[in-house]
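J.: Below you will find the structure I want to go over with you.
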Amino acid sequence: MAQESRQPPTLEIEGARLRPLREGDAGALYEYLRDPAVTELTSYPEVTTALVEALIAKSIRRWHEGDLSRWAVARGDDDRLIGTCGFNDSSPAHRWAEVAFELSRAHWGKGLMGRAATAAIGWAFEHDRVDRVQAYTRVDNFRSQRLLERLGFLREGRLRSFRICRGRPHDFYVYGLLRSDWIGARVAGERGDAVRHR
């Protein structure tokens, strides 16, 4: 059963913001998803304008229905879409959500997706939407694996031939992060900060 209908909040992060996806984002989303470097280690099918429009419509619909979905990651200066981050799927009954993200290659290596994912996951935990966030990443997608591990996710297993990626089956790792892990890490970090500032 869906949560009460609502729109996602806009979350400000250093250098960008997470805001609701809009139909007008289709051009920018299509532009960076056409870059093979962005999608080659994911389960995205061939990128078309119809696919991009469907992704945006799905996100808008899911938020409207009260389900968790994706945010646009937009530049802070001109609000142009440069990525997405948020949740592909969720189960209110079982209190989990699947996090996913991608970013225009021009913005890789700046810590931006780490900040975006931290904001999205933190919002879901802090607003009591889920107790668990999980992620699936191809076993050869080392960049995504490093990001998840920096965020505190634990690799929980390998799923053989889990998804078909442009015609070929691939193994994926499943990662998980519990609300208790998230809160514990933040409390420990705050204690460490307090000690350093004495």
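Throughout, read-outs are computed from the coordinates displayed, never taken from laboratory work. Quantities reported herein were computed from a predicted structural model and do not represent experimental measurements. When we count neighbours, we look across all protein chains shown, and the Cβ atoms used for this are built from the backbone with ideal geometry, even at glycine.
J.: 5 Å is the cut-off here: which amide hydrogens, built 1.01 Å from N in the peptide plane, fall below it relative to ILE82, excluding neighbours closer than 5 in sequence?
T.: Residues meeting the criterion, in which the H sits 1.01 Å from N, are VAL73, ALA74, ARG75.
J.: Over the alpha carbons of the chain, what is the largest minus smallest coordinate on each principal axis, giving the biggest first in Å?
T.: 54, 39, 39
J.: Note down the nm distance, to one decimal, between modelled labels 7 Å out along Cα→Cβ at ASP78 and at GLU46.
T.: Label-label distance for ASP78 and GLU46, simple model: 3.1 nm.
J.: In whole percent, what relative contact order does the chain give with Cα contacts below 8 Å and a gap of six or more residues?
T.: Once normalised by length, the contact order is 19 percent.
J.: I've got another one for you. Using a Gaussian network model of the chain with C-alpha springs under 10 Å, which one of ASP77, ASP140, ASP35 is most mobile by mean-square fluctuation?
T.: ASP77
J.: Still on this structure: Tally Lys and Arg at +1 and Asp and Glu at -1 over the other residues with C-beta under 13 Å from the C-beta of LEU41: what net charge comes out?
T.: Around LEU41, the charge tally is +2.
J.: In whole Hz, with x marking every Gly and Pro, tabulate ³J(HN,Hα) for the stretch 166-172 from phi via Karplus 6.51 cos²θ - 1.76 cosθ + 1.60, θ = phi - 60°.
T.: Listing the rounded values in order: 6, x, 10, x, 9, 7, 10 Hz.
J.: Based on other C-beta atoms within 10 Å, arrange TYR30, TYR175 from fewest to most.
T.: TYR30, TYR175
J.: Tell me the trypsin sites (Lys or Arg not before Pro) within the stretch 135-188 that lie in a loop according to DSSP and have at most 16 other beta-carbon atoms within 10 Å.
T.: Loop-located and lightly packed - ARG166.
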